[in-house]
Each structure stands twice: as C-alpha cells, then as structure tokens.
1. Restricted to segment 15-47, and to residues that are polar (S, T, N, Q) and part of a helix (DSSP H, G or I), which residue is farthest from residue 58 (Cα to Cα)?
2. Filter segment 46-73 down to the residues that are free of Cβ contacts under 8 Å to residues at least 12 places away in the same chain and either touching a Pro at 6+ places or on another chain (Cβ under 7 Å) or among the charged types (D, E, K, R) (or both), then identify the one that is farthest from residue 16 (Cα to Cα).
3. From the residues in segment 57-89 that are polar (S, T, N, Q) and over 25 Å from residue 36 (Cα atoms), which one is surrounded by the fewest Cβ atoms within 10 Å (Cβ to Cβ)?
4. Could you check how many residues of segment 74-88 are within 18 Å of the chain's Cα centre (by Cα) and assigned to a loop (DSSP other than H, G, I, E, B)?
5. Can you pull out the residues in segment 46-56 that are surrounded by 17 or more Cβ atoms within 10 Å (Cβ to Cβ) and either modelled with pLDDT of 85 or more or under 16 Å from residue 29 (Cβ atoms) (or both)?
6. Condition test on residue 14, is it touching a strand residue (DSSP E or B) at 6+ places or on another chain (Cβ under 8 Å) and of a type in the set (Ser, Thr, Tyr)?
7. Pairs please, first residue from segment 5-24 and at positive phi, second anywhere and of a type in the set (A, V, I, L, M, F, W, C), Cβ atoms under 9 Å, 6+ apart in sequence or on different chains.
Amino acid sequence: MRIAYIAAGAAGMYCGSCLHDNTLAAALLKKGHEVALIPTYTPLRTDEANVAVNDIFYGGINVYLQEKFPLFRRTPWRFDRLLNNPTLL
C-alpha cells in the first residue's frame, strides 16, 4: 500500500506529535508499506531515526508571506523553493 502521511513540523523543537508521526511511519515501513512522511511548514525533529522526506509540503515562511503580502503570491518558483529550504526553516 502507498501512503502519504502529512505531518506538521515543530520549528526545530521536539514535539509529541512529530515523534508519534515518525514512529507510526517507521512502523508502517517496517510492515512493508510504502510510506512518505511529508513535513508541513517546518522540518520534523525527532530523537530517533527520521523517516521523513527532505522536501517541505508548505514552507512556513512562504505561506506566511503569501498570506500577508499579495506580492509574494506571484513570485517565481525558484524564489518559493528558496523560502521552502529546510535549512532556512
């Protein structure tokens, strides 16, 4: 079975739901399912092996800027990709 699991990140802090989501995705992978744990807004931070993909579904900075300033809704995809970079988030 193919599963896309979208989880909210905790902005560099340890978070109970991040740990839960990562553990659940790891258990599903161990059972043989094809799981993509996709972080939303910020990267996931866990104290065990992280099984999340490296890309961010919605970058928190980009979403905020697009909501507050209409100019950022029309930026080129390369600029959006820069704002969604996990090291920046």
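The values are calculated or read from the model by the stated rules, or taken from the named source; none is laboratory data. Only a predicted model underlies this, so the values are computations on that prediction, with no experimental measurement involved. Neighbour counts are summed over all protein chains in view; Cβ atoms, including those assigned to glycine, are modelled from backbone coordinates with ideal geometry.
1. 23
2. Looking at the filtered set, the residue picked out is 73.
3. Ranking the candidates gives 75 first.
4. 5
5. Residues satisfying the conditions are 46, 50, 51, 52.
6. When the stated conditions are applied, residue 14 does not pass them.
7. 11/89; 12/89
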